[in-house]
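This is the structure, below, for whatever I ask next.
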Amino acid sequence: MTNKAATASIIAAVGVVAVIGTIAAVTTSKKASDDGGNMSTSIKLSQLCSSTLYPAKCENSLTPVVNESSNPEEVLRAALQVAMNEIGAAFANYTNVGKGATDKITLSAIGECKKLLDDAIVDLKDMAGLRADQVVVQVNDLRVWISGVMTYIYTCADGFDKPELKHAMDKLLRNSTELSSNALAIITRVGQFLHQGQDAKSGSTVGGSRRLLGWYMGDAHDVESRRRLLAINGRLDEIAVVRDESRRLLSETMDEITEMSHDGDRHLSETMDQIDEMSHDGDRHLSETMDQIDEMSHDGDRRLSETMDQIDEMSHDGDRHLSETMDEIDEMSHDGDRRLQDVIRPAQAADHDVQRLVGERG
């Protein structure tokens, strides 16, 4: 965890050193072309801004508050003031980044940004209160101090673990970073200009004034400022601890989810096997049932056929018995007719005899 924090600190420091080196190179390259003929009491804003990394933003931000006749002290104060105002604007909106977050890393990063941006505003405000004669002998200290302000800004954005939040904070602090970079270049250039003015007046640099900044700001404030710069590593350690703890918990949670997923897959596989087995049993039972139905159907057809045969046989027997019965009835009818004739004929003969006798007597 400490190694991660140290790495982050080194990266931030290297970034600041690179910015300082670039600004120094730009300032040096511009120095030879600057016209110092009438700069004992004023400095041209366009020339001053040309020594910065963001000259257009430099002129746009300073033109409303300074003019071509402004002295170096006024330009420097204005540069520090606009940087402070921009950081103040970022300070008013920094809580919108990660708003509603509940994870420890984001909450810690938001709290850290509050401290860092507040420290940056305090330092810029203190620097803006320096007099021109204090600036000339403390240029190097001021460069370190404003580099610390830039480190605060970089550290604020680096505290976010999620790329989208880090990008959002970088975007919010972009103007603050660029205006602080411009202020650093202006401090360097104004310091050179004022140093040349001191050389012209006294023939040598002012000596014995290395503690002037401490005297003006107060030794306690100087120590506190350095303490804030040194505290960055400690804060990064805290952020790294929270970040590592969050990653550990995330890793454990993912392991548990993976294990649960494997258990779920195993249970699902077992359930599917049971379903397949039940399906096979169901198919087998269905097949057996269909076979039984077919067998019963065949038995039913056979029994129906036998029954129909019996019915046919019984029908044939009935027809035969009926025919025999009808024959017997016909025969009995013929016998009855014959017997009736046998009875009628004697009666008719007797009737004839009676009629004959009656006729004879009459």
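Being surrounded by fewer than 19 Cβ atoms within 10 Å (Cβ to Cβ), of a type in the set (Val, Ile, Thr) and touching a helix residue (DSSP H, G or I) at 6+ places or on another chain (Cβ under 7 Å) is true for just one of 139, 144, 122, 149. Which residue is that? I'd like the intermediate steps shown before the answer.
On the way: 144 fails: touching a helix residue (DSSP H, G or I) at 6+ places or on another chain (Cβ under 7 Å); 122 fails: touching a helix residue (DSSP H, G or I) at 6+ places or on another chain (Cβ under 7 Å); 149 fails: surrounded by fewer than 19 Cβ atoms within 10 Å (Cβ to Cβ).
Going through 139, 144, 122, 149 in turn, the sole match is 139.
Residues that are closer than 20 Å to residue 53 by Cβ and either part of a helix (DSSP H, G or I) or touching a Phe, Trp or Tyr at 6+ places or on another chain (Cβ under 6 Å) (or both): does the stretch 112-120 have at least one? Spell out how you get there, then give the answer.
Filtering the stretch 112-120 down to residues closer than 20 Å to residue 53 by Cβ leaves 120.
Remaining after also requiring either part of a helix (DSSP H, G or I) or touching a Phe, Trp or Tyr at 6+ places or on another chain (Cβ under 6 Å) (or both): 120.
Yes: the stretch 112-120 contains one or more residues that are closer than 20 Å to residue 53 by Cβ and either part of a helix (DSSP H, G or I) or touching a Phe, Trp or Tyr at 6+ places or on another chain (Cβ under 6 Å) (or both).
With respect to the numbered conditions (1) over 27 Å from residue 170 (Cβ atoms); (2) of a type in the set (Val, Ile, Thr); (3) free of Cβ contacts under 8 Å to residues at least 24 places away in the same chain, which one is the sole condition not fulfilled by residue 75?
Here residue 75 meets the rest and fails (3).
Does residue 60 satisfy the condition of being polar (S, T, N, Q), surrounded by fewer than 23 Cβ atoms within 10 Å (Cβ to Cβ) and in a helix (DSSP H, G or I)?
Values: polar (S, T, N, Q): yes; surrounded by fewer than 23 Cβ atoms within 10 Å (Cβ to Cβ): yes; in a helix (DSSP H, G or I): yes.
It is true that residue 60 is polar (S, T, N, Q), surrounded by fewer than 23 Cβ atoms within 10 Å (Cβ to Cβ) and in a helix (DSSP H, G or I).
Follow-up question, since we're still on this one. Test residue 244 against the criterion of being at pLDDT 85 or above and in a helix (DSSP H, G or I), and give yes or no. Full working, then the answer.
Values: at pLDDT 85 or above: no; in a helix (DSSP H, G or I): yes.
Against the criterion (at pLDDT 85 or above and in a helix (DSSP H, G or I)), residue 244 does not qualify.
While we're on this one: Can we say residue 130 is touching a residue at least 24 places away in the same chain (Cβ under 8 Å), of a type outside the set (Lys, Arg), over 24 Å from residue 172 (Cβ atoms) and in contact with an Asp or Glu (Cβ under 9 Å, 6 or more places away or on another chain)?
On the way: touching a residue at least 24 places away in the same chain (Cβ under 8 Å): yes; of a type outside the set (Lys, Arg): yes; over 24 Å from residue 172 (Cβ atoms): yes; in contact with an Asp or Glu (Cβ under 9 Å, 6 or more places away or on another chain): yes.
So residue 130 passes the test.
Can you report the number of residues in the stretch 90-109 which are free of Cβ contacts under 8 Å to residues at least 40 places away in the same chain and closer than 23 Å to residue 123 by Cα?
3
The values are calculated or read from the model by the stated rules, or taken from the named source; none is laboratory data. Predicted, not measured: the structure shown is a model, and the values here were computed from it. Counting neighbours? That spans all protein chains shown, and the Cβs are built from the backbone with ideal geometry, glycine included.
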